[in-house]
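> Sharing a structure, written as structure tokens. Questions coming.
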Amino acid sequence: MEFKEGDKVDIKIEREIKIGLVARIEDKFEGLIYKNEVFRVLKKNQKITAYIKKVREDGKIDLSLTPQGFKNSIDHYCEFITNQLKLKGSIRLSDKSSPEEIRSKLKMSKKAFKKSIGVLYKRKKIKIGKNQIELIR
């Protein structure tokens, strides 16, 4: 089967290695999710949806847990942050928050968080305070 960047695939987590998680793609191929891109607990034999990040020249496949491409990933994160704000009213994070704090509270990278709140701010969906963000009602 020929994969291309952005393809949505079913995977099963097989094992953890030093640089990430090895997963079985569509019960046939092996792929890798890099450790620095995993923001939630994944267990051996867990079945989840992933996305083809890159098919390397050596035939190895890099995977991502989020859709690929700026628009797809930002829309995904914007929706997630908006839903969290609807549930909680506000989130005690800002663009000055540490990467660890953002990862702990929202299970995303600081880069994804900053881009997403920037998009939500430009769309006039959120208000950014010194130590928190709030949904504009």
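> Going through the stretch 35-59 one residue at a time, which ones are part of a strand (DSSP E or B) and either out of contact with any Phe, Trp or Tyr (no Cβ under 6 Å at 6 or more places or on another chain) or free of Cβ contacts under 8 Å to residues at least 24 places away in the same chain (or both)?
Those that are part of a strand (DSSP E or B) and either out of contact with any Phe, Trp or Tyr (no Cβ under 6 Å at 6 or more places or on another chain) or free of Cβ contacts under 8 Å to residues at least 24 places away in the same chain (or both): LYS47, ILE48, THR49, ALA50, TYR51, LYS53, LYS54.
> Oh, and also: Within the stretch 81-104, can you find the residues that are assigned to a helix (DSSP H, G or I), over 16 Å from LYS124 (Cα atoms) and at pLDDT 90 or above?
Listed by number, the residues that qualify are GLN84, LEU87, LYS88, PRO99, GLU100, GLU101, ILE102.
> Now a separate question. What is the one condition in (1) surrounded by 12 or more Cβ atoms within 10 Å (Cβ to Cβ); (2) free of Cβ contacts under 8 Å to residues at least 60 places away in the same chain; (3) not in a helix (DSSP H, G or I) that GLN68 does not satisfy?
Failing condition for GLN68: (2).
> Taking ASP62 as meeting all but one of (1) under 12 Å from the mean Cα position of the chain (by Cα); (2) part of a strand (DSSP E or B), write down the number of the exception.
With (1) under 12 Å from the mean Cα position of the chain (by Cα); (2) part of a strand (DSSP E or B) applied to ASP62, the lone miss is (1).
> Suppose we filter ILE128, ILE102, ILE136 for residues that are β-branched (Val, Ile, Thr) and surrounded by 17 or more Cβ atoms within 10 Å (Cβ to Cβ); which single one remains?
ILE102
> Can you work out which of the residues in the stretch 37-55 that are of a type outside the set (A, V, I, L, M, F, W, C) and at pLDDT below 90 is farthest from LYS8 (Cα to Cα)?
Once the filter is applied, the top-ranked residue is ARG40.
> Output the residue which, of all residues in the stretch 1-34 that are in contact (Cβ under 8 Å) with a residue 40 or more places away in the chain and not in a strand (DSSP E or B), is surrounded by the fewest Cβ atoms within 10 Å (Cβ to Cβ).
LYS4
> What pairs can you find where one residue is in the stretch 111-132 and on the phi > 0 side of the Ramachandran plot, the other is exposed (fewer than 14 other Cβ atoms within 10 Å of the Cβ) and assigned to a loop (DSSP other than H, G, I, E, B), and their Cβ atoms are less than 7 Å apart, with a gap of 6+ or different chains?
Final answer for the pair search is LYS124/ILE136.
The values are calculated or read from the model by the stated rules, or taken from the named source; none is laboratory data. Computed from a predicted model, the values in this text were never measured in an experiment. When we count neighbours, we look across all protein chains shown, and the Cβ atoms used for this are built from the backbone with ideal geometry, even at glycine.
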